[in-house]
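Written out below as structure tokens is the structure these notes cover.
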Amino acid sequence: MICPHCLMTVADETSFCPHCHAYMAASGESTEHTFIFCEGCGARLSAHDRTCAKCGRPAPGILSTSSSSEDLAAGKTAGFPRLTQNLIDTSVPDSIELTASLECYSESTADPFATDVLPVEAVTEAEQAAQASMPDRYHAPNARITRTHVILVLAACVIAAGIYIVAVDPWGLMPRLMAQIQQSAREMYPSRYGSSTGAQTEREPIDDKAQETQDTMLSEAQAYRNLTNIYTTIVAQHDALEQIINDFNSSFLASNPDARADGSASAYAARDLLQDCLNKLDTIQLADGSGYADTVAHLKELASWVLERVGMYCAAWDISRSYIGSDKPAQHQDEILAPLRERAELDAQARDNFFAHQHQYQPKPPENKR
């Protein structure tokens, strides 16, 4: 007969093809619904399976008990013995012996239903403990999220507070800070801001030769040098009025006496420097026929105009600083501002006169005086 699978000629009444080892149905039997089962585990096999895909046992009829290792080397299959009734009888224990062993087991103190499996409660507790000790790599813990939120909120508060302080300036720090920046800029870049310097820096001598004693007669060169230093100081105090006004506006109603003392320092310093300039101009000794006699008079006028403008803020500061303790300056605002109102017209005249004669009254070199 012909094998329907590999088309090889095989002997009649052959159940399995010796060539392809496929199951061959008996004559008249259809192979469409024929099932083959593993003799070891009972799994259903197809007609083309040589071994069981589940347990690896050879398919029924593939090998006989006489198969050897050469069959395995040839790629056939493992040489398992064919399952026979004798093998079954010798492998399965006698029912009497099995019953006796079960009775002995039941009489022992061991629980026949006991297993090594933990109770449900113990498993639940163990899982919860493991989950609590093991960090979650896929979900951030609540503590980290909370800490991040706190940091973001604090950063937003700091930024908002900084914007509020810069915009509102509740302590009056910005005018003083800007004045210090301007003063530092004048000192660092004198060519950009002119030859004038701030009120606070004029306490230091600009030129050692300008501090010569005024008891001796000055030459034209010495007079020019001294008068130029005095002129520079006068102009610097007028430029410092911007800082003086800012300090007054930010501090004259402060309840803290120290804050008012700091705010008034610029006005008092400018007043002292202007008075010192007037004293030097009164004591300066010029040679007979000197060309700087008119310059001395002009500088006195220039210093008087600046002193008029600075003096009204010093008068207002005197009233503001007179209130101490429970008597707050805010309760006497009209009285503090009275000098500014009363001397407003004089201030305007002094300002116009200063700007009208500022460059005209600047000392000229000796060679230009001839």
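Averaged per residue, what accessible surface does segment 241-370 expose to a 1.4 Å probe, in Å²? Per residue, segment 241-370 has 51 Å² of solvent-accessible surface. Taking amide H as placed 1.01 Å from N in the peptide plane, Arg50 has no amide H partner under 5 Å among residues 5 or more places away or on another chain. Placing unit charges on each Cβ (+1 for Lys and Arg, -1 for Asp and Glu) gives segment 316-370 a dipole about its Cα centre, and among Gln358, Ala330, Trp317 the Cα reaching farthest toward its positive end belongs to Gln358.
Past the 20 angstrom mark, what percentage of all C-alpha to C-alpha distances in segment 245-370 do you count? Numbers along the way, then the final one.
On the way: 4254 of 7875 pairs.
Here the long-distance tail beyond 20 Å is 54 percent of all Cα pairs in segment 245-370.
For Glu242 and Ala167, compute 0.36 nm times the residue count separating them, minus their Cα-Cα distance, and round to one decimal in nm.
Details: separation 75, 0.36 × 75 = 27.00 nm, distance 1.98 nm.
Additional length available on full extension: 25.0 nm.
The amide H of Leu45, built 1.01 Å from its N in the peptide plane, has Ile36, Phe37, Cys38 as neighbours under 5 Å, considering only residues 5 or more places off or on other chains.
Per-residue extension of 0.36 nm, minus the Cα-Cα distance of Ser184 and Ile159, leaves a gain of 6.2 nm for this segment. Shown for segment 219-328: the carbon plus sulfur share of the solvent-accessible area, taken with all protein chains present and a 1.4 angstrom probe, equals 47%. Between Ala338 and Ala259, the distance separating the two model label sites (each 7 Å from Cα on the Cα→Cβ line) works out to 2.5 nm.
Would you mind putting 337-344, 312-319 in packing order, based on average other-beta-carbon counts within 10 Å, highest first?
On the way: 337-344: 14.5, 312-319: 19.8.
So the order, starting with the most tightly packed, is 312-319, 337-344.
Working ranking of peptides 5-13, 262-270 by packing, defined as the average number of other Cβ atoms within 10 Å per residue, highest first, is 262-270, 5-13. Charge tally for Leu227 (other residues, Cβ to Cβ under 10 Å; Lys, Arg +1; Asp, Glu -1): +3.
The values are calculated or read from the model by the stated rules, or taken from the named source; none is laboratory data. Fair warning: this is a prediction, and the values are worked out from it, not measured in the lab. For neighbour counting, all protein chains shown are included, and Cβ atoms are generated from backbone atoms with ideal geometry for every residue, glycine included. SASA here: full protein model, heavy atoms, side chains in, ligands and nucleic acids out. Shrake-Rupley method; radii C 1.70, N 1.55, O 1.52, S 1.80 Å.
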